[in-house]
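Asker: I'd like to ask some things about the structure below.
The values are calculated or read from the model by the stated rules, or taken from the named source; none is laboratory data. Please read these numbers as outputs of a predicted model, since none were measured by experiment. Positions of Cβ are generated from backbone atoms using ideal geometry, with glycine treated the same way; all protein chains shown enter the neighbour counts. Protein only, heavy atoms only, side chains kept; ligands, DNA and RNA dropped before computing areas. Shrake-Rupley method; radii C 1.70, N 1.55, O 1.52, S 1.80 Å.
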Amino acid sequence: MSNSDGTGAPGNFIGPDVPFPGAESSVSSVGEESSFSPSDKVESNFRQGLRVFARNKLALISVYVLGLLVIACFIVPIFWRTNQTSLLQQIGVPQNQPPSLHHLLGTDVNGFDELGRILYGGKYSLTLGFLAGLITIVVGTLYGMISGFFGGIVDTIMMRLLDAMLSIPNLFLIIALVAVFGKSTPFLIIVIGMTGWFLTARLIRSDALVIKNLEYSQASLAMGASKLHVIRRHVFVNSMGNIVTVGTFSVADAIQLLSALGFLGLGIQLPATDWGTMLNEGTQELWNGYWWEVFPVSILFIVVIVCINFIGDAMRDIFEVRLRDR
Amino acid sequence: MENLQVQFKMRTGNAIAVDNFSLTVESGQCVGIVGESGCGKSTTGFAIMQLLAGNGFITDGRIVFDGTDLATLSEKDMQDVRGNKIALIPQDPLTSLNPTTKIGRQVGEGYKIHRGASDEEATKRVLEVLEMVEMPRPKERLNQYPFELSGGLRQRVMIAMGLVCAPSLLIADEPTTALDVTIQEQILDIFDSLRKELAMSVILITHDMGVIAGRTDNVVVMYAGRKAEENTTEKLFATMRHPYTQALLASVPSIDASKGATLRSIAGLPPDLSKEIMACRFAPRCQYATAKCHNEDPPATVDKDGSEYACFYPVNGPAGLDEVKVEIRERTVSTKEILRITSLTKEFPIRSGPLRRKTGKVHAVSGVSFAVYEGETFGLVGESGCGKTTTGRMIVGLEHPNSGEIIFEDRDVTSMKGRATRALQRDRQMMFQDPYSSLNPRMKVGDIIREPLAIQKVGTHQEQVQQVARLMTAVGLDPASAQRHPHEFSGGQRQRIGLARALALNPKLVVADEPVSALDVSIQAQILNLMKELQQDLGVSFVMVSHDLAVVNYMADRIGVMYLGEIVEVGDSESVFRRPAHPYTQGLLNAVPLPDPKEAKNRKGIKIEGELPSSANPPSGCRFRTRCPRAQEVCAEVAPPMQSFGPVHEAACYFPLVTPVSVGATKAVRKSTKKSTGEV
């Protein structure tokens, strides 16, 4: 949500009483005493939000698709068992088999069932992406909010520090860290999370800068409220839209980054795997014509990223109070 | 323009923004279109230019300009008309100029496009038009960027842009709404002289009856997309027929208005234009409406005065005093001081360079002293940038003064910090200007009003909720709507919420920063009346910060006039407005547009020229001297002291407009001003 919109821009997007976008004076409302009958039911915030979300059909489809994928990755393997953990058991199993009734998507270079492998790798990709994204958003929000709200010298120091960190290419930093400290899964999550929050912090900072100077924050201060109260009650709540939206996108980013690491051979290690690592292995076999080791996993990967982005878009609308029905 | 109809496609159906609207503008004529916001004034203007928003269409009628119907022209032909034969001057000069293009190029652009002029020819023409709009130092401006100019100068640039191709029709859409009264006066004067020189027609779109009165030949009053009334300006103001015109005029606070009267306001709000209306559109808000008005649509009628109106029961002339509910309110203003501020100063550092080193400072407030008594309203007026808002913010503790004292309820609150101030905040509250940004859009209205109670931990949750309901009733809102969000309320209702919030803690002092400047006149009146009423009931003191002298005159018992961070005149509102001593006060008063065509045209006296000097580098001596018609050498040397002009009336000027009480007394007063400005 953009705050400049909230400060009295005339263009309400819906609502029958404002049929002249940008045409009248800065007062968009037309008059007084629009009557509410007390019997009008007031919906909870949450339900109103859901309604706005549901208006976005693409996002709704995305939720279903992602939901199906999560079920497939986390629950289906419980019922449909394939060996994904023991390399020893794979000795003697034919490798790089094309899709057949027995192996719906063929087998890979180690003879693992490709479909089972995708589900197994998806579990890692999604979990790691989600956790890393969570770290990104928590750290970024805290950092940005402190910097923006307190301003002055605090802001200057924090932002210059951020600039310094931003000047190091992300992937390069991660590769260096992984090379030094190893490739354990929790470490990967932390590294990806801790290197992804810089831009988030900037965005949230600019939000905080604007909101703390808006009149409602000032009014709160004039009532004798503490800074913490203003941050919690006004700044945080009103940048929620951006926080959630950026949060969704950073999950997508983290999944992508993890895949990039996997593709470079620095991701999850055998016998575990993730989609990036699978792509890395698959592309090496692509020249032999083993397409089933590349395309299914890359298509799924694209689908997940696109879905998350659609959902992020719709999330932004949830927090745009003015988009709600009157 | 004949029977124009404009529709907007909306998700909920089509809204008819302008309906069956006819208008004739003869060459050299100035026609005013007036009405509340959302009644289709600007839409009409945009329709003429064929610049309606993407979902807007002209569905009926013709717009005939010089024999051609603009509504049927192709986009390409229309481009030849726009800027060339018809020019539009938009409302907001701050956002209407491209910030990355130099003034010279921006103004010359249209000339090059329409006349195929070379760069040199264009520059020559630009200089010409900049001189026409009385731009100071036009040559320098060519190479300046918009951000280097003030709002008034930018509006001049906008007008110059409109004039560059010498159009025969100029549409000015609220050209002065964003400007100070003094600058507004200057800009309107330019319109007037240009119209005479160039024989240009002007359509002046505004919500301000005062602007219309002095400047136009004909006035069209618009309501809900229809024409409510049309007549020549003088006749319309003298013998209006439509009740809407009458009510609109009655709700304008005038600087001559008597104190005790309650301002008339128009109840209700304009109808929803997306629904078909089969009755008189004004009927639900009209005090004369009968069953006939609610069932039939009145046809346009022309009477013998030449007035065209659409009403079954026309009124005759402005609302007389007998029709206005007059309540002489004897208010008891005690002599107990609630607030005294002494030589308050606030400076903001100007920082530049990578290390953000201090390179100068803005003297926002320099040495302001005044007192506010229990239960009174103190008005603080002046142009924007004079430091009145900063003063208000310091009073409520949102800003810390660099020096000086704020004594609130006999305690020095200047340097108080932490816990002690928090308790004090209960007694001083602030009401804000912008009804949109002053309410947290994500909080429910009940929670917004309850916030001060929660912060100060007053009572239990249950008691707080009850208090919120009482407050909402007090400001005229339905307590049942406490569960709603601010976006569901109109501007005026939001301002009521803001008032309820400011009053929640039962404060002794409320600083109201331009509380009605963002509202339509008809709604302004409601809020001002409400504030007066509540003051009567609660005995709260107001410090009213406003640039609108008429509003301050209506509200305030005493008035302080600020100029560039200093108070130049202070006194009871009667003396300050009737017998101003300082030339600046007189100039401000003269710049207020009067909603009376005869008086507006005959007005003479001091006019304030030029712009407010930079407060980073204020003039020496008397700060007003650079714009003062009476300034002499002495004014540049030493700042004039406060002189007394009456029991509670003081001004700082060497050459005042009225004689000081006594020359001998001046010195004594001067000494006493230091510790007691404006004491009875």
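Asker: Looking at the structure I just gave you, is B:Asp513 within 23 Å of B:Ala247 (Cα to Cα) and surrounded by 18 or more Cβ atoms within 10 Å (Cβ to Cβ)?
Answerer: No, not satisfied.
Asker: Among the helices (runs of 4 or more DSSP H) contained in the range B:558-675, which hold 2 or more residues that are modelled with pLDDT of 80 or more, touching a helix residue (DSSP H, G or I) at 6+ places or on another chain (Cβ under 8 Å) and crowded, with 19+ Cβ neighbours inside 10 Å? Before you say what the answer is, go through the steps one by one.
Answerer: Details: elements: B:573-578, B:583-591, B:597-602, B:633-637, B:663-675.
Once the helices (runs of 4 or more DSSP H) in the range B:558-675 are filtered for at least 2 residues that are modelled with pLDDT of 80 or more, touching a helix residue (DSSP H, G or I) at 6+ places or on another chain (Cβ under 8 Å) and crowded, with 19+ Cβ neighbours inside 10 Å, what remains is B:573-578, B:583-591.
Asker: How do the strands (runs of 3 or more DSSP E) wholly within the range B:26-109 filter down when requiring 3 or more residues that are surrounded by fewer than 23 Cβ atoms within 10 Å (Cβ to Cβ): which remain?
Answerer: Per the criteria, B:56-62.
Asker: Do we have B:Leu471 as in a helix (DSSP H, G or I), farther than 28 Å from B:Val381 by Cα, open to solvent by 10 Å² or more (accessible area, probe 1.4 Å) and more than 9 Å from every other protein chain (Cβ to nearest Cβ) here?
Answerer: yes
Asker: Does B:Gln464 fit the bill of being more than 7 Å from every other protein chain (Cβ to nearest Cβ), among the polar types (S, T, N, Q) and closer than 21 Å to B:Gly392 by Cβ?
Answerer: Values: more than 7 Å from every other protein chain (Cβ to nearest Cβ): yes; among the polar types (S, T, N, Q): yes; closer than 21 Å to B:Gly392 by Cβ: no.
The answer is no for B:Gln464.
Asker: I would also like to ask the following. Can you run down the residue pairs with Cβ atoms below 8 Å, 6 or more apart or on separate chains, where the first is in the range B:430-458 and in the same structural domain as B:Ala502 (by TED's automatic domain parsing) and the partner is among the aromatic types (Phe, Trp, Tyr) and open to solvent by 20 Å² or more (accessible area, probe 1.4 Å)?
Answerer: Close Cβ pairs (under 8 Å, with a partner that is among the aromatic types (Phe, Trp, Tyr) and open to solvent by 20 Å² or more (accessible area, probe 1.4 Å)) amount to B:Arg442/A:Phe319.
Asker: Then there's this: Report whether or not A:Leu142 is open to solvent by 40 Å² or more (accessible area, probe 1.4 Å) and more than 24 Å from the chain's Cα centre (by Cα).
Answerer: It is false that A:Leu142 is open to solvent by 40 Å² or more (accessible area, probe 1.4 Å) and more than 24 Å from the chain's Cα centre (by Cα).
Asker: Do we have B:Pro298 as modelled with pLDDT of 75 or more, open to solvent by less than 40 Å² (accessible area, probe 1.4 Å) and part of a loop (DSSP other than H, G, I, E, B) here?
Answerer: yes
Asker: Sticking with this one: Could you grab the pairs with beta carbons closer than 7 Å, sequence gap of 6+ or different chains, first residue in the range B:219-230 and of a type in the set (Lys, Arg), second one part of a strand (DSSP E or B) and at pLDDT 85 or above?
Answerer: Filtered contacts from the range B:219-230: B:Lys227/B:Val220.
Asker: I would also like to ask the following. Quick one: in the range A:200-213, which of the residues that are open to solvent by 60 Å² or more (accessible area, probe 1.4 Å) and of a type in the set (A, V, I, L, M) is farthest from the other protein chains (Cβ to nearest Cβ)?
Answerer: Restricting attention to the range A:200-213, the residues satisfying the condition of being open to solvent by 60 Å² or more (accessible area, probe 1.4 Å) are A:202-203, A:210, A:213.
This time we only want the ones that are of a type in the set (A, V, I, L, M), so: A:203, A:210.
On the way: A:Leu203: 18, A:Val210: 10 Å.
In this case the residue turns out to be A:Leu203.
Asker: While we're on this one: If B:His114 satisfies all but one of (1) buried (at least 16 other Cβ atoms within 10 Å of the Cβ); (2) assigned to a loop (DSSP other than H, G, I, E, B); (3) touching a residue at least 40 places away in the same chain (Cβ under 8 Å), what's the number of the condition it fails?
Answerer: So the condition that B:His114 fails would be (2).
Asker: Every residue in the range B:164-188 that is open to solvent by 20 Å² or more (accessible area, probe 1.4 Å) and either within 25 Å of B:Val81 (Cα to Cα) or free of Cβ contacts under 8 Å to residues at least 12 places away in the same chain (or both), please.
Answerer: B:Ala166, B:Ser168, listed by residue number.
Asker: Something else about it: Does B:Gly379 satisfy the condition of being small (Gly, Ala, Ser), open to solvent by less than 50 Å² (accessible area, probe 1.4 Å), more than 10 Å from every other protein chain (Cβ to nearest Cβ) and over 29 Å from the mean Cα position of the chain (by Cα)? If you could, list the steps in order and put the result at the bottom.
Answerer: Details: small (Gly, Ala, Ser): yes; open to solvent by less than 50 Å² (accessible area, probe 1.4 Å): yes; more than 10 Å from every other protein chain (Cβ to nearest Cβ): yes; over 29 Å from the mean Cα position of the chain (by Cα): no.
Criteria not met by B:Gly379.
Asker: Criterion first (touching a residue at least 60 places away in the same chain (Cβ under 8 Å), open to solvent by 10 Å² or more (accessible area, probe 1.4 Å) and either facing another protein chain (nearest Cβ under 8 Å) or out of contact with any Asp or Glu (no Cβ under 8 Å at 6 or more places or on another chain) (or both)) does B:Arg426 satisfy it?
Answerer: It is true that B:Arg426 is touching a residue at least 60 places away in the same chain (Cβ under 8 Å), open to solvent by 10 Å² or more (accessible area, probe 1.4 Å) and either facing another protein chain (nearest Cβ under 8 Å) or out of contact with any Asp or Glu (no Cβ under 8 Å at 6 or more places or on another chain) (or both).
Asker: Out of the range B:429-461, which residues are touching a strand residue (DSSP E or B) at 6+ places or on another chain (Cβ under 9 Å) and more than 7 Å from every other protein chain (Cβ to nearest Cβ)?
Answerer: Those that are touching a strand residue (DSSP E or B) at 6+ places or on another chain (Cβ under 9 Å) and more than 7 Å from every other protein chain (Cβ to nearest Cβ): B:Met431, B:Gln433.
Asker: Would you list the helices (runs of 4 or more DSSP H) that sit entirely within the range A:1-92 and hold 2 or more residues that are modelled with pLDDT of 50 or more and within 31 Å of the chain's Cα centre (by Cα)?
Answerer: Correct list: A:45-55, A:57-74, A:76-79.
Asker: Quick one: in the range A:214-227, of everything that is assigned to a helix (DSSP H, G or I) and at the interface with chain B (Cβ under 9 Å from one of its Cβ atoms), which residue is nearest to B:Pro441 (Cα to Cα)?
Answerer: The extreme case among them is A:Tyr216.
Asker: Now for a separate question. Are any residues in the range A:229-284 away from chain B (no Cβ under 14 Å) and among the β-branched types (Val, Ile, Thr), and if so, which ones?
Answerer: A:Thr245, A:Val246, A:Thr248, A:Val251, A:Ile255, A:Ile268, A:Thr273, A:Thr277, A:Thr283
Asker: Filter the range A:101-127 down to the residues that are open to solvent by 10 Å² or more (accessible area, probe 1.4 Å) and part of a helix (DSSP H, G or I), then identify the one that is farthest from A:Ile192 (Cα to Cα).
Answerer: Per the criteria, the residue is A:Leu115.
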